[in-house]
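Step one of this worksheet: look at the structure below.
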Amino acid sequence: MFSLLSMMKRFSEKWNFSLASRTRHRVKCDYFIYTSQDGRKKIEIESVSCAKLRILDIMAEVYSRLCLNLEEICMRQERRKSEIFIALMLSSSMLLFSGCSVLQGIFPAEETTEIASDIVDEPDAFDDYCEELFCQFVSVDQFVLHSYLEDPSAYDISVPEETLSEVSTENYEDYYDSLQEASDTLSGFDYNGLTDEQKITYDTLKFFLEGELGVREDYMLNDPILDGDYNNISFELGLFSIEDKDDIEMYLNILDSVYEYLASVADFESEKSEAGYFMTSSQASSAISSCDYVVRTDGEEFITDFNVRIRSCDWLTQDEKEDYIDRNRDSVVDGVIMGYALLRERLLQLQKTGTGEIGYSSYEGGKDFYTWELQKSTATSLTPDEIYALLDDTLTTWEKEYSILYVQNKDTNYMNKFDDFTSPDDVIENNLENMEDEYPTLAELPADYCVQLPLPEEYSDYAGMYCGPQFDNIWGNTYYVSEDWSSGFGLYATASHECIPGHLYQTEYLLQSDAANLPIRFYFFTEGDALGAQEGWTTYIERETYEYAGVTEDQAEEQSLDDLIYYAYMEMGDIALNYYGWTEAEFEENMEKADHVTYLDYTSDIYESAQNSPTGYASYVVGYIELSALRDKAEEALGSDFDLKAFHTFYLDMGGTYFDISEKYLDAWIEEQK
């Protein structure tokens, strides 16, 4: 539910880490030094072995290509054999090993008669690199680590000292430095030496790293207030799994860090104010109200849920339960409430220091920053101009189709068919029964595959919400059900979107797959970097599942278009404000010229959404368009050979990556189907 890494939407601004610091495989990411973990036998240089002959053959080929003389090689070897071999191998077109993975271990810097590591080919080295990235990304602090792994020790990850990383310019710099190291390492791999599945991972990482580093200088446009990070703490702690006393201690340690975190947010907002990047007065007013709520209610949201959860732990004694409850209350009173009070006062001081203008377009670097945010949200490389034009053209078609279907279906009362479903389980069971011929099958669902809870009050304007599992606890799904969307069509659409065959299904399919580099791919999937590949899927399947409820194809299409047209208006308004810098009047004028008038009575609402939740609808509408285009391309190419279940399998196998990458692999898939 967060945008990537929601690093920038969730934890990136809190990070303080260096990829080069991890040594599980003795990997330093700027050079990627590899040492075998399993202690396999080193290869003697003097021994006449196949491995020696292989190395000598490679060096001879490199030698002939570079026209280096033997004397020069020997002199360099005496100085530093490892550097010679790396340089030669990187220069050769006969690369058999990764230039950034194992070569520095083949000839150590000091004199020796042994090769310091066994030979590892490119795919193995790339797998190690990806695993290291995953381990580093999820171990930035205890809060992040626990959200991803139930058992970090299985990945040789020690629990970090940092409990809840703070927000600061220094931490942003460390974050981007780490991404640069990761990018430099990635570029050293021989792309052609990777497997097809590894290339998907490579392409995904490359797309993200280049885009993220491209807005490094605009880091001040990130905002833990506007992103909602400061206000989501109690909710995310509510998702914190508690299985033993160690989990409780970690929870309380994180809670003890909330004051320092909120203080760092306050200081960062002061920096933004001084640099001319502070939010508008109305945005500050909203944040002030949120902070004031926690103070006025004595931090109740941090206390009530914890008390219920602790009292349900039958493996604790009564005295232990009371002790934990008292400690939690003390931390809330002495730290959490004071932290929100401090942030409230700071925002009150800064409230009038904003520019008064709204939208990214009003800030220096704002258009570039927004462009990347839009590309992450849509999972495309399209520019705002291209996306606006795409929506403009598509909306014209949709509005015409909808007007015809509306007249055709208005007297049929078909919406009553959705009233037969009275619970999320009814919807899910019906979908599972009907989707077997069109979607790949998951492993049998255990009874507790998904916990259903009421939607928290602070998210009352949401139709529903899905929160995924830890990587090593794949059935730890949670679906939050809105009381306002708990019956009829609203229930059916939301349960399908959030659960099966929507978010929960797509997540479980990935976790149950044998995809290469699954941990890092799951990480990027979870953080929502290419969010359009997920929300595009869930919007797409809504249309597909309406027919499962018993309505006709045209009736299902009408309902789908009703949502899509709304999404298109919202996103065109978002681009109008945040990229073009249009006023509301200018937006209305341009929409009227294109004969888009359906939602112009709600322009103020459209602009309020664009101001407070930039790109908020892009992932749904553009993701749907892009996914539908992939299907159309496959159907046109395959004709009668097109198989919908096979196409869905292809798309899910891509693991929620960017559409540019999926389209590249679609061509090969089409050829395989012929």
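The values are calculated or read from the model by the stated rules, or taken from the named source; none is laboratory data. It should be emphasised that the depicted structure is a prediction, and the values quoted were computed from it without experimental measurement. Cβ placement follows ideal geometry from the backbone for every residue including glycine, while neighbour counts extend to all protein chains displayed. Just so you know, the surface numbers come from the protein's heavy atoms only, side chains and all, with ligands and any DNA or RNA stripped out. Shrake-Rupley method; radii C 1.70, N 1.55, O 1.52, S 1.80 Å.
Computed values, structure above
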| quantity | calculated |
| --- | --- |
| Only listed residue being within 19 Å of the chain's Cα centre (by Cα) and of a type in the set (S, T, N, Q), chosen from THR204, THR169, THR185, THR195 | THR204 |
| Residue in the stretch 182-202 that is open to solvent by 60 Å² or more (accessible area, probe 1.4 Å), closer than 30 Å to ALA266 by Cβ and of a type outside the set (A, V, I, L, M) present | no |
| Extreme residue, farthest from ALA576 (Cα to Cα), among residues of the stretch 317-376 that are outside any helix (DSSP H, G or I) and open to solvent by 60 Å² or more (accessible area, probe 1.4 Å) | THR317 |
| Single residue of the stretch 636-646 satisfying the filter (touching a residue at least 24 places away in the same chain (Cβ under 8 Å) and part of a helix (DSSP H, G or I)) that is most open to solvent (accessible area, probe 1.4 Å) | ASP641 |
| Checking SER362 against (1) small (Gly, Ala, Ser); (2) over 25 Å from ASP227 (Cβ atoms); (3) modelled with pLDDT under 95, the condition it does not meet | (2) |
| Residue within the stretch 473-491 that is of a type outside the set (Val, Ile, Thr), crowded, with 22+ Cβ neighbours inside 10 Å and either over 23 Å from ASN231 (Cα atoms) or at pLDDT below 95 (or both) present | yes |
| Spans of strands (runs of 3 or more DSSP E) in the stretch 432-491 with at least 2 residues within 21 Å of TYR540 (Cα to Cα) and of a type in the set (A, V, I, L, M, F, W, C) | 464-467 |
| The stretch 293-316, subset of a type in the set (D, E, K, R) and in a loop (DSSP other than H, G, I, E, B), residue farthest from ASP227 (Cα to Cα) | ASP314 |
| Qualifying residue in the stretch 292-314 (condition: of a type in the set (Gly, Ala, Ser), in contact (Cβ under 8 Å) with a residue 24 or more places away in the chain and more than 19 Å from ASP246 (Cβ to Cβ)) | yes |
| Residues of the stretch 457-489 that turn out to be in contact (Cβ under 8 Å) with a residue 60 or more places away in the chain and closer than 25 Å to SER153 by Cα, as a count | 7 |
| Any hit, the stretch 222-232, residues being in a helix (DSSP H, G or I), open to solvent by less than 20 Å² (accessible area, probe 1.4 Å), under 29 Å from MET465 (Cα atoms) and hydrophobic (A, V, I, L, M, F, W, C) | no |
| Yes/no for SER290 being open to solvent by less than 50 Å² (accessible area, probe 1.4 Å), touching a strand residue (DSSP E or B) at 6+ places or on another chain (Cβ under 8 Å) and either assigned to a helix (DSSP H, G or I) or not acidic (Asp, Glu) (or both) | no |
| Residue check, TYR449 in contact with a Pro (Cβ under 7 Å, 6 or more places away or on another chain) and closer than 30 Å to ASP643 by Cβ | no |
